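> Below is the structure I would like to discuss, written out as structure tokens.
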Amino acid sequence: MNFLESFGQLIGQDKAIEFLQGALNSYRIAPAYLFAGAPGTGRSLAANCFALSLLSIDQSAQKQQLNKERILAQNHPDLLIVEATYQHQGRLLTTAEATAAGVKRRALPQIRLEQIKQICQFLGRPPLESSRSVVIIQDAEAMTEGAANALLKTLEEPGLGIFILIAKSPESVLSTLVSRCQYIPFGRLSDSQIKNILQLKGYGDILQYSDIIALGQGSPGETIEAYHQYQAISIDLRLKLNQVPTSLLDALKLAKTIDQELELETQLWLIGYLQQKYWQMSHNPSRVTALEDARRYLLAYVQPRLVWENLYLNLFLS
């Protein structure tokens, strides 16, 4: 198939495309790849394009088009996509499923040992339509220790399986896993490339929010996510967040509102937003440090309301 065409929608990642095209053209395919870089820079799109190419080698144009449609719908029989999940009433739910079900999330999603066992079962049978099977693991840094160790054993004997791990950085993944993968870096994009992508995706309105674009730091996906996160916060709460509380009572009320209205993931996003906002307001490094401490406590699953109360009391008293 035309490998260049399959990567046609990927903007700003020429080196990654060149490397993957070279592997496909020479039929020198590694058993595992690590697509690492900031979220929203095209890692998942590249993984889908690469999977399409792998699953369509030596197939007709009609079959290639069918493969494309099924990959987009995540129902190709020789492709398994693994996402971080939440545990809820004995079930594992992806972020999208948890959101649709209205599940209150007080912890971050994880890739669990049960999901690695599903990968083993998937690879335990021969490919049904293609010459190989492909496993894409989203947010590989979310693997529990048990899941990472189990995956390591599978990577040592992948059989006819090809793995694509997607992560924020090589350092965020178990080093022994990284050593078994071909590393493909994904860099941040230029301002002009981000502007182009936002307009192509129908998000031209974001261009008027300079603080949101700055928060995206060269990642179109993170810019769009930041815009959605910002829009999800009530206008009343946004106004309160634009300044440091001026009384102890206001500090406690604001902490309570954040805890009640925002999911943990949104609270973590808010930390980054406030770091940028407060730095623009005062260039006070102690505020940035206090917010970073709050992020660390949230990630350690300290009760969120206590974290925000402690943060705002410290900011008020400093």
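The values are calculated or read from the model by the stated rules, or taken from the named source; none is laboratory data. Note that the coordinates shown come from a computational prediction; the quantities given were computed from them, not determined experimentally. As a convention, Cβ positions derive from the backbone with ideal geometry for all residues, glycine included, and neighbour counts pool all protein chains shown.
> Could you check T246 against (1) among the β-branched types (V, I, T); (2) over 18 Å from the mean Cα position of the chain (by Cα); (3) at pLDDT 90 or above and say which number it fails?
Only one criterion in (1) among the β-branched types (V, I, T); (2) over 18 Å from the mean Cα position of the chain (by Cα); (3) at pLDDT 90 or above is unmet by T246, namely (3).
> Under 8 Å between Cβ atoms, at least 6 apart or on separate chains: pull out the pairs that start in segment 122-151 with a residue that is farther than 17 Å from N48 by Cα and end on any residue that is of a type in the set (S, T, Y) and outside any helix (DSSP H, G or I).
Once the first residue is farther than 17 Å from N48 by Cα and sits in segment 122-151, its partners that are of a type in the set (S, T, Y) and outside any helix (DSSP H, G or I) give F122/S133; L123/S133; P127/S133; E141/S169.
> Name the single residue that is nearest to R106 (Cα to Cα) among those in segment 277-299 being aliphatic (A, V, I, L, M) and free of Cβ contacts under 8 Å to residues at least 40 places away in the same chain.
L298
> What about T85, is it within 25 Å of I116 (Cβ to Cβ), buried (at least 20 other Cβ atoms within 10 Å of the Cβ), modelled with pLDDT of 90 or more and β-branched (V, I, T)?
In short, yes.
> How many residues does segment 245-267 contain that are in contact (Cβ under 8 Å) with a residue 40 or more places away in the chain, surrounded by fewer than 18 Cβ atoms within 10 Å (Cβ to Cβ) and aliphatic (A, V, I, L, M)?
3
> Please go through (1) exposed (fewer than 14 other Cβ atoms within 10 Å of the Cβ); (2) farther than 25 Å from L10 by Cβ for D205 and return the number of the only condition it doesn't satisfy.
So D205 meets the others, but not (2).
> Same structure again: Return the residues of segment 162-191 that are part of a strand (DSSP E or B) and out of contact with any Lys or Arg (no Cβ under 7 Å at 6 or more places or on another chain); say none if nothing qualifies.
Filtering segment 162-191 for residues part of a strand (DSSP E or B) gives 162-167, 182-186.
Result: F163, I164, L165, A167, Q182, Y183, I184, P185.
> From the set of residues in segment 273-289 that are surrounded by fewer than 16 Cβ atoms within 10 Å (Cβ to Cβ) and among the polar types (S, T, N, Q), which is modelled with the lowest pLDDT?
Checked segment 273-289; the qualifying residue modelled with the lowest pLDDT is S282.
> While we're here: Considering only segment 21-38, I want to know if a residue exists there that is farther than 26 Å from A148 by Cβ, modelled with pLDDT of 90 or more, surrounded by fewer than 21 Cβ atoms within 10 Å (Cβ to Cβ) and among the aliphatic types (A, V, I, L, M).
Checked segment 21-38: at least one residue is farther than 26 Å from A148 by Cβ, modelled with pLDDT of 90 or more, surrounded by fewer than 21 Cβ atoms within 10 Å (Cβ to Cβ) and among the aliphatic types (A, V, I, L, M).
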